[in-house]
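Everything on this sheet refers to the single structure shown next.
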């Protein structure tokens, strides 16, 4: 099943994002073909302010475990994390 994991950064935590980005990217890459899409969300000025990950996992519990183990989450970057099952229709 596909899950959309939408993470919202805490205000004023851009340096936390920058400092932990290499480890975060390696973590995402470790999921191989299960990773469908990933990237930062941006504010009106083009500054990173969150993340969206679309990942194929077995269960909501697996998605929650993925989100909790993300190096960004472990570093305290996120104010809020939303996890929802997702159905790809197009393309």
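The values are calculated or read from the model by the stated rules, or taken from the named source; none is laboratory data. Quantities reported herein were computed from a predicted structural model and do not represent experimental measurements. We place every Cβ from the backbone using ideal geometry, glycine too, and count neighbours over all the protein chains shown.
For the subset of the range 36-45 comprising residues that are more than 11 Å from the chain's Cα centre (by Cα) and surrounded by fewer than 15 Cβ atoms within 10 Å (Cβ to Cβ), which member is nearest to residue 64 (Cα to Cα)? Going through the qualifying residues, I end up with 42.
Remark: pairs (first residue in the range 63-91, on the phi < 0 side of the Ramachandran plot and free of Cβ contacts under 8 Å to residues at least 40 places away in the same chain; second residue in a strand (DSSP E or B) and surrounded by 11 or more Cβ atoms within 10 Å (Cβ to Cβ); Cβ separation under 8 Å; 6+ apart in sequence or on different chains) = 64/83.
Would you mind stating whether residue 56 is surrounded by fewer than 14 Cβ atoms within 10 Å (Cβ to Cβ) and at negative phi? Taking the combined requirement at face value, the residue does not satisfy it. Only a single criterion out of (1) in a strand (DSSP E or B); (2) crowded, with 16+ Cβ neighbours inside 10 Å is not satisfied by residue 24, namely (1).
Go over the candidates 79, 33, 61 one by one and state the one that is over 12 Å from the mean Cα position of the chain (by Cα), exposed (fewer than 15 other Cβ atoms within 10 Å of the Cβ) and under 11 Å from residue 7 (Cβ atoms).
Numbers: 33 fails: under 11 Å from residue 7 (Cβ atoms); 61 fails: under 11 Å from residue 7 (Cβ atoms).
Of 79, 33, 61, the one residue that is over 12 Å from the mean Cα position of the chain (by Cα), exposed (fewer than 15 other Cβ atoms within 10 Å of the Cβ) and under 11 Å from residue 7 (Cβ atoms) is 79.
Here's a check for you: in the range 43-91, which residue that is farther than 15 Å from residue 31 by Cβ, in contact with a helix residue (DSSP H, G or I) (Cβ under 8 Å, 6 or more places away or on another chain) and in a loop (DSSP other than H, G, I, E, B) is modelled with the lowest pLDDT? Only one residue fits best here, namely 47. Selection of the range 1-21 for residues being in contact (Cβ under 8 Å) with a residue 40 or more places away in the chain, farther than 27 Å from residue 89 by Cβ and either assigned to a helix (DSSP H, G or I) or in contact with a strand residue (DSSP E or B) (Cβ under 6 Å, 6 or more places away or on another chain) (or both) yields 9, 10, 16, 17, 19, 20. Residue 12 passes every criterion in (1) exposed (fewer than 14 other Cβ atoms within 10 Å of the Cβ); (2) under 18 Å from residue 85 (Cα atoms) apart from (2).
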